[in-house]
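> Here it is: the structure, laid out below.
The values are calculated or read from the model by the stated rules, or taken from the named source; none is laboratory data. No experiment lies behind these values; they were computed from the predicted model shown. Cβ placement follows ideal geometry from the backbone for every residue including glycine, while neighbour counts extend to all protein chains displayed.
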There are 2 protein chains.
Amino acid sequence: MFSFNKLVIFGVGLIGGSLARALRERAGAKGRVVGVGRSAQSVARAVELGVIDEAVALDADVALARALSDADIVLLAAPVAQTEPLLARIAPFLDARTIVTDAGSTKSDVVSSARKALGASRIKQFVPGHPIAGRESSGVEAALPELYVELNVVLCPLPENAAADIEKIEAMWRATGACVRQMSEAQHDRVFASVSHLPHVLSCALVDQILAAPDAELKFFFAAGGFRDFTRIAASSPEMWRDICLANRTALLVELDDYVNVLARFRAAIEASDGAALEEAFARSRMARTEWQERGGIKPAGK
Amino acid sequence: MFSFNKLVIFGVGLIGGSLARALRERAGAKGRVVGVGRSAQSVARAVELGVIDEAVALDADVALARALSDADIVLLAAPVAQTEPLLARIAPFLDARTIVTDAGSTKSDVVSSARKALGASRIKQFVPGHPIAGRESSGVEAALPELYVELNVVLCPLPENAAADIEKIEAMWRATGACVRQMSEAQHDRVFASVSHLPHVLSCALVDQILAAPDAELKFFFAAGGFRDFTRIAASSPEMWRDICLANRTALLVELDDYVNVLARFRAAIEASDGAALEEAFARSRMARTEWQERGGIKPAGK
């Protein structure tokens with residue numbers, strides 16, 4: 001059974017709030033949960049809802065020092081762009097026994113920020129992680145004790161991490177019902193560039209293309225089911241996706257260039273009226289897509 | 001109120017069957033409906049279900065001649081690639097008073113096939129059309145009297161068509177509950193290349209890219225909600241999409257090349273780490289996609 005003395009969560013929204021609720025309500029873990037926000041007020045709602053025990057403002061030196069002094073685990077659940085300033089803020093108060101982990105959607109940049117902010121002496125305390133949860137809803141009100149059940153959590157341990165620290169973070173996520181998988185941060189970023197970040201860019205590019213067309217209105221008027229599904233992700237947070245695309249820039253550019261090459265193959269088959277090649281490619285995609293669906297490759301988002 | 005003496009449908013599946021049911025059960029139109037299939041047996045089910053009155057085999061000269069002799073309207077509801085051979089087969093038996101229309105997903109190629117098969121003397125009898133209905137289900141069993149309610153039907157009248165003939169086909173579709181809109185066949189093909197055919201190619205290309213990746217299994221394992229929505233259309237019929245891509249080749253290549261240019265703009269912003277440009281593009285797409293959804297731009301497929 002997983003237990004902890006004190007967990008400090010920076011950013012108590014869907015991700016951090018659901019972790020707190022899962023550990024207490026689902027896993028029955030005892031231990032104090034402290035939420036840190038830009039202001040004490042911004043985390044007050046989490047206290048009201050009973051998700052955390054105590055709210056601390058990021059700029060309150062004394063309270064922050066006290067909160068961190070005897071924490072077992074610190075979770076960063078704020079946008080990835082804030083990793084470096086947050087860790088820099090935490091570093092002076094960080095106890096040598098505390099393990100810090102995060103929930104960012106990209107990992108190479110987070111590791112690089114952590115190395116800068118924590119320095120060579122403390123980087124061993126940082127175990128990078130990424131819970132793969134749908135972000136359709138957000139905010140602490142949406143937090144659920146069952147959010148992580150059967151979802152995947154990726155950990156990207158560093159060579160400097162102690163085995164026991166990695167094991168502790170794994171045990172924490174397993175206690176929420178999640179399946180934990182380890183890979184390198186480069187591997188993580190390639191995988192998510194391909195199956196998550198690239199589709200978002202492709203979807204937005206299609207909407208943007210239609211917007212710029214002289215007959216945009218007619219096109220939107222006749223857009224039906226295929227367009228609806230294809231562009232659903234284009235409706236999510238621009239700021240979040242801006243940060244993700246920049247944070248995972250290198251891997252995303254590799255996948256994007258590769259995609260343009262694949263598209264050139266499809267284009268050549270269409271231009272040459274090569275029906276056999278087109279049908280083969282469409283049939284291959286259909287089979288892969290159908291098998292993926294049948295294997296239950298989809299974790300229901302936000303459930 | 002719409003009425004007809006005899007309607008002959010080539011290809012009695014979802015599209016043709018729903019038209020027959022809508023005219024009789026919804027609009028209360030009297031008139032005989034004849035279904036033509038590759039064999040009499042292939043349309044026998046439609047007779048059993050009461051969707052049509054009579055089944056005729058395409059290769060039965062006498063029966064086909066009799067079926068066509070006093071038809072008001074002929075509907076081609078077979079794959080677009082069959083337009084020319086079907087019209088060539090019909091032409092010798094076609095009464096000068098009969099109006100022929102179709103339900104093909106592409107229009108320039110259909111018009112060109114019709115011009116070849118019907119010749120200058122009879123092309124005036126052909127009024128090209130495209131009911132925009134979801135094709136998730138197929139076959140006459142899926143046919144519904146309410147399929148076309150609030151769906152859009154595009155007509156692409158030819159300069160040779162008589163105004164009264166266009167009006168009759170419009171009235172037929174209006175009687176099913178559909179909204180009818182006219183445009184040129186070139187305009188039609190541009191619109192659907194953009195909002196339907198291109199998304200299909202883009203979706204298949206992503207699945208194909210992942211399939212070819214050395215870490216394909218890992219990528220499929222971690223694919224979640226965005227991937228699911230983005231690639232849903234990749235699971236539809238390879239033969240149908242092959243035919244559509246080839247039939248609408250010219251317009252599709254124009255849209256595809258334009259898309260690659262839009263993608264190059266996104267790529268440049270990512271490469272330059274231009275967060276402002278990315279956020280602006282993502283925000284623009286989100287607003288357009290959200291407004292589209294709120295305007296009710298989606299006609300529920302197959303309802």
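> Go through (1) part of a helix (DSSP H, G or I); (2) without any contact (Cβ under 8 Å) to a residue 24 or more places away in the chain for A:P214 and report which single condition fails.
(1)
> Out of the range A:188-220, which residues are in contact with a Cys (Cβ under 9 Å, 6 or more places away or on another chain) and at the interface with another protein chain (Cβ under 7 Å from one of its Cβ atoms)?
A:H200, A:V201 - these are the residues of the range A:188-220 that are in contact with a Cys (Cβ under 9 Å, 6 or more places away or on another chain) and at the interface with another protein chain (Cβ under 7 Å from one of its Cβ atoms).
> Of everything in the range A:244-254, what is within 8 Å of chain B (Cβ to nearest Cβ) and either buried (at least 22 other Cβ atoms within 10 Å of the Cβ) or of a type in the set (D, E, K, R) (or both)? Give them in sequence order.
A:C245, A:R249, A:L252
> Taking the range A:160-187 as the region of interest, how many residues are of a type in the set (K, R) and away from chain B (no Cβ under 14 Å)?
So in the range A:160-187, the residues of a type in the set (K, R) come out as A:168, A:174, A:181.
Still in the running and away from chain B (no Cβ under 14 Å): A:168, A:174.
Residues that pass the stated criteria total 2.
> Now for a different question. Please go through the range A:16-36 and pick out each residue that is aliphatic (A, V, I, L, M), surrounded by fewer than 23 Cβ atoms within 10 Å (Cβ to Cβ) and either in contact with a Gly (Cβ under 7 Å, 6 or more places away or on another chain) or within 19 Å of A:V100 (Cβ to Cβ) (or both).
A:A29 - this is the single residue of the range A:16-36 that is aliphatic (A, V, I, L, M), surrounded by fewer than 23 Cβ atoms within 10 Å (Cβ to Cβ) and either in contact with a Gly (Cβ under 7 Å, 6 or more places away or on another chain) or within 19 Å of A:V100 (Cβ to Cβ) (or both).
> Also: So if I check each of B:L76, B:L64, which one is more than 24 Å from the chain's Cα centre (by Cα), surrounded by 19 or more Cβ atoms within 10 Å (Cβ to Cβ) and more than 23 Å from B:V195 (Cβ to Cβ)? Full working, then the answer.
Working: B:L76 fails: more than 24 Å from the chain's Cα centre (by Cα).
Among B:L76, B:L64, only B:L64 is more than 24 Å from the chain's Cα centre (by Cα), surrounded by 19 or more Cβ atoms within 10 Å (Cβ to Cβ) and more than 23 Å from B:V195 (Cβ to Cβ).
> Hey, A:L68 hits all of (1) farther than 30 Å from A:L252 by Cβ; (2) part of a loop (DSSP other than H, G, I, E, B) but one; which does it fall short on?
All conditions are met except number (2).
> Check B:V140, B:V127 and return the single one that is modelled with pLDDT under 95, assigned by TED's automatic domain parsing to the domain that holds B:A175 and buried (at least 23 other Cβ atoms within 10 Å of the Cβ).
Testing whether each residue is modelled with pLDDT under 95, assigned by TED's automatic domain parsing to the domain that holds B:A175 and buried (at least 23 other Cβ atoms within 10 Å of the Cβ) leaves just B:V140.
> Contact list please: Cβ distance under 6 Å, first residue in the range B:158-184 and in the same structural domain as B:V127 (by TED's automatic domain parsing), second residue surrounded by 19 or more Cβ atoms within 10 Å (Cβ to Cβ) and among the polar types (S, T, N, Q), pairs at least six apart or on different chains.
Sorted first by the residue in the range B:158-184, then by its partner, the pairs are B:I169/B:T101.
> Within the range B:273-303, restricting attention to residues that are more than 7 Å from every other protein chain (Cβ to nearest Cβ) and modelled with pLDDT under 80, which residue is farthest from A:L202 (Cα to Cα)?
Going through the qualifying residues, I end up with B:K303.
> Tell me which residues, restricted to the range A:1-52, are in a loop (DSSP other than H, G, I, E, B) and out of contact with any strand residue (DSSP E or B) (no Cβ under 8 Å at 6 or more places or on another chain). Steps first, answer last, please.
Within the range A:1-52, the first condition is being in a loop (DSSP other than H, G, I, E, B), and the residues that meet it are A:1-5, A:11-13, A:27-31, A:38-40, A:49-52.
Result: A:M1, A:F2, A:S3, A:G13, A:A27, A:G28, A:A29, A:K30, A:L49, A:G50.
> Regarding the range B:181-198, can at least one residue be identified that is more than 13 Å from the chain's Cα centre (by Cα), farther than 29 Å from A:E271 by Cα and surrounded by fewer than 19 Cβ atoms within 10 Å (Cβ to Cβ)?
Within the range B:181-198, one or more residues are more than 13 Å from the chain's Cα centre (by Cα), farther than 29 Å from A:E271 by Cα and surrounded by fewer than 19 Cβ atoms within 10 Å (Cβ to Cβ).
> Which of the following residues is touching a residue at least 12 places away in the same chain (Cβ under 8 Å), over 24 Å from B:V43 (Cα atoms) and more than 13 Å from the chain's Cα centre (by Cα): B:A88, B:A114, B:A142, B:A120?
B:A114
> Test of understanding: among A:I233, A:I244, A:I169, which residue is modelled with pLDDT under 95 and in contact with a Gly (Cβ under 7 Å, 6 or more places away or on another chain)? Full working, then the answer.
Working: A:I244 fails: in contact with a Gly (Cβ under 7 Å, 6 or more places away or on another chain); A:I169 fails: modelled with pLDDT under 95.
Step by step, each of A:I233, A:I244, A:I169 is checked, and only A:I233 is modelled with pLDDT under 95 and in contact with a Gly (Cβ under 7 Å, 6 or more places away or on another chain).
> Another question, then. Filter the range B:222-243 for residues that are in a helix (DSSP H, G or I) and more than 7 Å from every other protein chain (Cβ to nearest Cβ); which is farthest from A:F192 (Cα to Cα)?
B:D243
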